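Have a look at the structure below, then the notes.
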Amino acid sequence: MTQAICPKNPKHNKFITTAHVMQEWIVDKEGNFIKIAKGGSCLEVTHKPDFDNLWTCQICGTEAIIEE
């Protein structure tokens, strides 16, 4: 099982990484972003977090090690 591990403290178990999501925007007539539409919630996750991304420990800020 692949997992992220904090090298400073293996008990740290929350990480920051990226995912791709869809949300509704308010745009101008040319499609340029103005702001997130009211509610601003995620409509759909198009790509979940990937272990090839950078993962950072949310507790101490250390870059995580990815172990398989």
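State yes or no: is GLU68 out of contact with any Leu (no Cβ under 7 Å at 6 or more places or on another chain), loosely packed, with under 10 Cβ neighbours inside 10 Å and touching a residue at least 60 places away in the same chain (Cβ under 8 Å)? I'd like the intermediate steps shown before the answer.
Numbers: out of contact with any Leu (no Cβ under 7 Å at 6 or more places or on another chain): yes; loosely packed, with under 10 Cβ neighbours inside 10 Å: yes; touching a residue at least 60 places away in the same chain (Cβ under 8 Å): yes.
So GLU68 fits the description; yes.
I'm checking my understanding of the structure. Among residues of segment 27-49 that are part of a strand (DSSP E or B) and among the charged types (D, E, K, R), which one is nearest to the chain's Cα centre (by Cα)? Quick ask: steps written out before the conclusion?
We begin by selecting, within segment 27-49, every residue part of a strand (DSSP E or B); these are 27, 33-36, 44-47.
After this cut, where a residue has to be among the charged types (D, E, K, R) as well, the list is 35, 44.
On the way: LYS35: 20, GLU44: 13 Å.
Restricting to residues being part of a strand (DSSP E or B) and among the charged types (D, E, K, R), the top hit is GLU44.
Tell me the residue from ASN13, ASN9 that is exposed (fewer than 13 other Cβ atoms within 10 Å of the Cβ) and outside any strand (DSSP E or B), please.
Numbers: ASN13 fails: exposed (fewer than 13 other Cβ atoms within 10 Å of the Cβ).
None of the other options fit; the residue is ASN9.
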What single numbered condition from (1) within 30 Å of GLU63 (Cα to Cα); (2) out of contact with any Lys or Arg (no Cβ under 9 Å at 6 or more places or on another chain); (3) loosely packed, with under 13 Cβ neighbours inside 10 Å fails to hold for GLY31? (1)
For residues that are under 14 Å from the mean Cα position of the chain (by Cα) and more than 15 Å from ASN9 (Cβ to Cβ), tally how many sit in segment 50-68. 5
Please verify whether ALA19 is in contact (Cβ under 8 Å) with a residue 60 or more places away in the chain, surrounded by 11 or more Cβ atoms within 10 Å (Cβ to Cβ) and of a type in the set (Gly, Ala, Ser), treating the condition exactly as stated. no
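Laboratory data are not the source of any read-out in this text; all were calculated from the coordinates shown. Small disclaimer: the values here were computed from a predicted structure and weren't measured. In this analysis, Cβ positions are derived from the backbone assuming ideal geometry, glycine residues included, and neighbour counts consider all displayed protein chains.
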